[in-house]
Amino acid sequence: MINGETKDGKVTGIHETSIDFVYTGEDLTYELKKSNIQKIVFASGRTQIISQPQVQTSNSPTSTAAERKNKLAVLPFTMVSNDQGLMSEAMSGQIQHAAINSFKKNTHQIIVQDPMTTNALLLKNNLDPNSIKTMMPQKVAELLGVEFVVYGTANISFEGTRSYGSSSTTYKDKTEKDKDKKENKSSGKEFTSNNSSTVSNYDTSIELNIFSDTGSNLYSVSRNGFGNSLDTYDGTLNYLIKRCPWGSKNK
């Protein structure tokens, strides 16, 4: 049977949704639903599969609402960029870690889940930043054992490079004595040095969405970063997280 029970007896008939069954040592015929039967092992040794038992999938809820209370997990960020080097898993994880550090520093009344725990649970359930979008947010929260889940998108566009240069001139003075005129005269050399540097410019925007384990969207916001450096996302995250429901700017 599906529930693990074994019934010994004789099968006297098989129908579309049921079978006729007589227990060993009895004469009364019972009708058993096929949906409750896993397989029949006949005296001849032949096995006939009737129904496959339902196996609990790895992404089934493993936590209760009480266990998830006030816990928050940040998912690896979705990357959008015209620079393929920024589309890597490493960059996604780097921004995820920056967001987690910001939540720990700039919020109150919530427990921020360690990224190793979050990522291990995702890996165990064969979920990546793309496939996780096929799951409802409340299911993701239940899977991760948290009350709140943070979805983030980092859009970082490479805007080219800019070169800066400067030059400086120094004069080294030398005083000599004129033997004929018995006078001091000044002479020297001029030295010029040039310095140049090249910097890469990026345009950055960050989007955050926070969902609860009931499926409610508690916070949805996006912001363009100030500055042109690659790490502009860090300051942008701090600005947004400080203004989330538990942020230091939202007390």
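When the P(r) is computed for the stretch 73-115, the part past 14 Å accounts for 49% of the Cα-Cα pairs. With a cut-off of 15 Å between beta carbons, the residues surrounding Ala66 carry a summed charge of -1, where Lys and Arg count +1 and Asp and Glu -1. Compactness of the stretch 1-122 is given as radius of gyration and Dmax, 26.9, 77 Å, from Cα positions. Of the peptides 127-137, 25-35, 209-219, the order by per-residue mean of other Cβ atoms within 10 Å, starting with the highest, comes out as 209-219, 127-137, 25-35.
Checking the cross-link pairs Lys10/Lys34; Lys39/Lys124; Lys124/Lys242 against a 23 Å limit on the alpha carbon distance flags Lys39/Lys124; Lys124/Lys242 as lying beyond it.
Take 84-90, 224-230, 243-249, 70-76 and order them by the average number of nearby Cβ atoms within 10 Å per residue, most first; the result is 70-76, 243-249, 224-230, 84-90. Evaluated at q = 0.18 Å⁻¹, the base-10 log of the normalised Debye intensity for the stretch 83-163, with identical point scatterers placed on the Cα atoms, takes the values -0.86.
Ranking Tyr219, Pro245, Gly235 by Cα position along the charge dipole of the stretch 197-251, where only Lys, Arg, Asp and Glu carry charges on their C-beta atoms, puts Pro245 farthest toward the positive end.
A short reminder: the numbers here are calculations on the coordinates, not readings from a lab. Every value quoted in this text rests on a predicted model; they were computed, and no experiment measured them. Ideal geometry is used to build each Cβ from the backbone, glycine not excepted, and the neighbour counts take in all protein chains shown.
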